[in-house]
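One structure is given here, and the rest of the page talks about it.
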Amino acid sequence: DAGITQSPRHKVTETGTPVTLRCHQTENHRYMYWYRQDPGHGLRLIHYSYGVKDTDKGEVSDGYSVSRSKTEDFLLTLESATSSQTSVYFCAIKKDPLDQETQYFGPGTRLLVL
Amino acid sequence: KQEVTQIPAALSVPEGENLVLNCSFTDSAIYNLQWFRQDPGKGLTSLLLIQSSQREQTSGRLNASLDKSSGRSTLYIAASQPGDSATYLCATLNSNSGYALNFGKGTSLLVTP
């Protein structure tokens, strides 16, 4: 267990409402990532962070924003949820991107946008 | 942009068979390649990580090989068991996007008793 949790684990929301997903780590790792997983697409990077207040966009960042005000928490916000954002969201952490350890993944958040 | 392809998309084998899962990638400038296992409704569990300078890694009944020049990796599972049923994901680590992983779409494996 890599000490990474996600909340909520499941959420149903309506189109147009804001949604915030939380990733929390106890490992003090510098790098944190948000991916989404969809049938037929695999996992795709949404945003990542390389330190407190240091974030950048990934492949599918449109409609999402992130914040990292402290090392242990990385928040993903859907400002106005759309049905196309129905997905499973995974958070991942890594101490050093080029070391020989893997990225550790959280258990995922299943989001349904009606 | 790195493209990672996994073949086959799905595979069903009887218990006891040896099997090979394939992964190919377009950009050979990788730092490492990883194989993950994902059970239905669960997160990802790392199985094997091969550094770009390595040719293979082994863990129990699993053996992963890497041919960086040809852009290919294989995951060999010996003496398959029903508990091996899961989706197997291949991912490369490149220098793009904060060293995030580039994933294939996975191979869904079913091992029947």
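The values are calculated or read from the model by the stated rules, or taken from the named source; none is laboratory data. Here the structure is a predicted model, which means the values were calculated and not measured. Every residue, glycine among them, receives a Cβ derived from its backbone with ideal geometry; neighbour counts consider all protein chains shown. To get the accessible areas, we keep the full protein, side chains included, count just its heavy atoms, and leave off ligands, DNA and RNA. Shrake-Rupley method; radii C 1.70, N 1.55, O 1.52, S 1.80 Å.
Here B:Asn96 and B:Glu17 are evaluated by their C-beta separation; at R0 = 41 Å the FRET efficiency comes out at 0.65.
Label-to-label distance, A:Thr82 versus B:Ala78, with points set 7 angstrom from Cα along the beta-carbon direction: 5.1 nm. When the accessible areas of B alone and A alone are added and the area of the pair subtracted, with a 1.4 Å probe, the result is around 1700 Å², both sides summed.
Here chain B has 48 percent of its accessible surface on carbon and sulfur atoms, given a 1.4 Å probe and all protein chains in place.
Computed over the alpha carbons of chain B, Rg followed by Dmax gives 13.5, 43 Å. The contact residues of the stretch A:19-51, meaning those that lose at least 20 Å² of 1.4 Å-probe accessible area when all protein chains sit together rather than their chain alone, are A:Tyr33, A:Tyr35, A:Gln37, A:Gly40, A:Gly42, A:Leu43, A:Leu45, A:Tyr48. Heavy-atom accessible surface of chain A, averaged per residue, reaches 47 Å², computed with a 1.4 Å probe. As an equivalent ellipsoid, chain A spans semi-axes of 23, 14, 13 angstrom, where each value is the square root of five times an eigenvalue of the C-alpha gyration tensor, largest first.
Viscosity 1.306 mPa s, temperature 10 °C: Stokes-Einstein D of the stretch B:1-66 from its Kirkwood Cα radius, in µm² per second? Mind showing how you got there, number by number?
Numbers: Rh = 13.6 Å.
Approximately 117 µm²/s, per Stokes-Einstein.
For the stretch B:49-113, the fraction of C-alpha pairs more than 18 angstrom apart is 45%.
Simple spin-label estimate for B:Gln51 and A:Lys95 gives 1.5 nm between the two label positions (7 Å along the Cα-to-Cβ direction from each Cα).
Length available on full extension from A:Glu27 to A:Asp54: 0.36 nm per residue minus the Cα-Cα distance, which gives 7.9 nm.
Return the subset of A:Lys57/B:Lys68; A:Lys53/B:Lys1; B:Lys42/B:Lys68; A:Lys94/B:Lys68; B:Lys1/B:Lys105 for which the Cα-Cα distance in this structure is over 19 Å, preserving the input order. Spell out each step's value before the answer.
Working: A:Lys57/B:Lys68 28 Å; A:Lys53/B:Lys1 26 Å; B:Lys42/B:Lys68 30 Å; A:Lys94/B:Lys68 23 Å; B:Lys1/B:Lys105 16 Å.
Correct reply: A:Lys57/B:Lys68; A:Lys53/B:Lys1; B:Lys42/B:Lys68; A:Lys94/B:Lys68.
Provide a list, ordered by number, of residues in the stretch A:78-103 showing at least 20 Å² less accessible area with every protein chain present than when their chain is taken on its own, using a 1.4 Å probe. Buried by the other chains: A:Phe90, A:Pro97, A:Leu98, A:Gln100, A:Thr102, A:Gln103.
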